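A quick write-up on the structure given underneath.
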Amino acid sequence: MYLKIIIFVLLIGVIASLMSGLFFLFKDSEKPESRRTLHALGVRITLAAALLCTIFYGFYTGQLRLGTNAPWHGATSAQVPTDAAH
């Protein structure tokens, strides 16, 4: 449960860092010496690497599974009505 919260927080952090990098890119377009865009994108790369490591850790430990815990997978063995009076 905590792993999914960590993944969600890291994903929000990546998106926020990407948006701040875009904001600094437009705001500092007249100042070529400004490095705020570079720093924001560096933070984004760090958060994205942490996100990937967290996801790989979840798969490795079995806390995350690919496609087996979706809500519609419980209905694979559902009873199909066999109506012979067609």
| query | Relative to the present Cα-Cα distance, how much length would full extension add between LEU22 and HIS39 at 0.36 nm per residue of separation? | reply | 5.0 nm
| How are the Cα pair distances of segment 2-63 distributed, in percent, across 10 Å bins from 0? | 24, 39, 22, 12, 3
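What FRET efficiency comes out for the pair PHE8/SER29, r = Cβ-Cβ distance, R0 = 35 Å, nearest 0.05?
On the way: r = 33 Å, r/R0 = 0.93.
Here the calculated transfer efficiency is 0.60.
Read-outs: derived from the displayed coordinates by stated rules, not from any lab. Computed from a predicted model, the values in this text were never measured in an experiment. So basically every Cβ, Gly included, is an ideal-geometry build from the backbone, and we count neighbours across all protein chains shown.
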